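Below you'll find the structure, written out as structure tokens, and then a few comments.
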Amino acid sequence: MSLLSLSSGDLIADRRADYARMLDEAGDHAAAAEVMEQAMALAPDWPAGLALLAAYREHAGDVAAAIATLEKLEGEDDDDLFAASLKLAVLGASEPPAHPPGRYVEALFDSYADHFDAALTERLDYNAPERLAALLEKSEGAPRCFRLCADLGCGTGLSGAAFCARVDRLEGFDLSANMLAKAEEKAVYQRLAQADLLLAPEESGLFSPELAHHRADLVVAADVLMYLGALESLMANVAALIAPGGLFLFSVEDGGEAEAYTLLPSLRYAHAFAYVEGLLSEAGFALERHERAALRKDAGEPVPGILFLAVKLLS
């Protein structure tokens, strides 16, 4: 989400914010914070400005001031659109929330949709769908085709493109309407719909009179769980969606030896292998295969991940 695309409504404040951004990008973080303070004096009720000011203060090494700014932002941003709760937790000022703010995630991907594919595949070496497809082939072989695949957190449809050749019907679900519009352009999905994977099954958007429970024999979630935090709701949705004997294929960022999940400085979550394996078992799945692999790059460094393939046990 580009904070600079959200105007303060005051032309001079916006110009000072632009200047502060240039200073920050040039490495003069203290000056950026000072100029951003001037912008905020002109537009004191500007949530996006508070988020920028907190970032510049953090970049300048003034963590206490950054925390104070985020606390002010948290009190004024009822929907937590700018993820103050996550940023405070990363700075050690609060406990990490179990889930990221839904409006933050939705707005982030709405704003990212137009350049999502190029950013991931050309600059970040994103390869989760291809790696998951390769893991499926190792387990099931190339000939197996699936009746219905549900692509959870489908984004712009990169996973759909990776799996459409081996499925008869492909359904895609995402929180972001802009991402779904981009996925539709790929013309590989028979159905696309908004869904919130953190809600209970009947409220999630995955089910309706036309969308039955236990209808999928393959469920894919590539690079999705790191935006969910605690995974209990996700597992309940997948268990309700997938048919006995069906496969659940997904990736997580590797949380190492953490007890469950960890909020990272990237504002994504990493998940421990034991936590994921335990939730799969509780939800009625058996883990068939897993692999550790780099999912993408972040700040030039590979992001370690874990790929999972699980089967829904016969009831």
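Here, each number is a calculation from the coordinates, and none is a lab measurement. Bear in mind the structure is a predicted one, so any value in this text is a computation, not a measurement. Every residue, glycine among them, receives a Cβ derived from its backbone with ideal geometry; neighbour counts consider all protein chains shown.
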Worksheet item: For the stretch 89-187, what ratio Rg/Rh do Cα atoms give with a Kirkwood hydrodynamic radius?
Response: 1.05
Worksheet item: To the nearest 10 degrees, how steeply does helix 29-42 sit against the main Cα axis of the chain, on a 0 to 90 scale?
Response: 80 degrees
Worksheet, complete the sentence: Those GluC sites (Glu not before Pro) from the stretch 247-279 that are DSSP loop and have at most 16 other Cβ neighbours within 10 Å turn out to be Glu257, Glu259
Worksheet item: What relative contact order, as a whole-number percentage, does the stretch 235-312 give when Cα pairs under 8 Å and 6 or more residues apart are counted?
Response: 37 percent
Worksheet item: What number, in percent, do you get for the relative contact order of the chain if the mean sequence gap of Cα pairs under 8 Å and at least 6 apart is divided by its residue count?
Response: 13 percent
Response to the item:
Rounded to the nearest 10, the angle in degrees between the Cα long axis of helix 63-76 and the longest principal axis of the Cα atoms of the chain comes to 70 degrees
Worksheet item: In whole Å, how far is the Cα centre of the stretch 1-60 from that of the stretch 118-159?
Response: 39 Å
Worksheet item: Taking the Cα-to-Cβ direction at Leu124 and at Leu91 and moving 7 Å from each Cα, how far apart do the two end points lie in nm?
Response: 2.4 nm
Item to complete: Tell me, rounded to the nearest percent, the portion of alpha carbon pairs in the stretch 275-315 spaced more than 13 Å apart.
Response: 59 percent
Practice prompt. With r as the distance between the Cβ atoms of Asp79 and Glu203 and R0 = 25 Å, compute the FRET efficiency 1/(1 + (r/R0)^6) and round to 0.05.
Written response: 0.85
Worksheet item: Between His290 and Ala258, how many nm apart are label points set 7 Å from Cα along the C-beta direction?
Response: 1.5 nm
Discussion item. Which residue fluctuates most in the GNM of the chain (Cα springs below 10 Å): Tyr19, Tyr56, Tyr104?
Written reply: Tyr19
Practice prompt. Using label points projected 7 Å from each Cα along Cα→Cβ, tell me how many nm separate Asp18 and Ala193, to one decimal.
Written response: 4.4 nm
Worksheet item: Which whole-number percent gives the relative contact order of the stretch 3-95, counting Cα pairs below 8 Å spaced six or more residues apart?
Response: 22 percent
Fill in: Mean residue ellipticity (222 nm) of the chain, computed from DSSP H runs ≥ 4 via -39,500 (n - 2.57), nearest 500
-12000 deg cm²/dmol
Fill in: Hits among lysines - C-alpha to C-alpha of Lys312 under 27 Å, sequence gap 8 or more where chains match
Lys138
Fill in: Equivalent-ellipsoid semi-axes of the stretch 3-95, from the Cα gyration tensor, Å, largest first
20, 16, 10
Practice prompt. Counting residues in the stretch 224-265 as N, plug N into 2.2 N^0.38 Å and put the Cα Rg over that result.
Written response: 1.33
Discussion item. Given a Förster distance of 51 Å, report the FRET efficiency between His213 and Gln38 from their Cβ-Cβ distance, rounded to the nearest 0.05.
Written reply: 0.35
Practice prompt. Place a +1 charge on the Cβ of each Lys and Arg in the stretch 3-95 and a -1 charge on the Cβ of each Asp and Glu, then give the dipole magnitude about the Cα centre in debye, rounded to the nearest 20.
Written response: 260 debye
Worksheet item: If you project the alpha carbons of the stretch 187-236 onto the principal axes, what extent comes out on each, in Å, largest first?
Response: 29, 25, 20
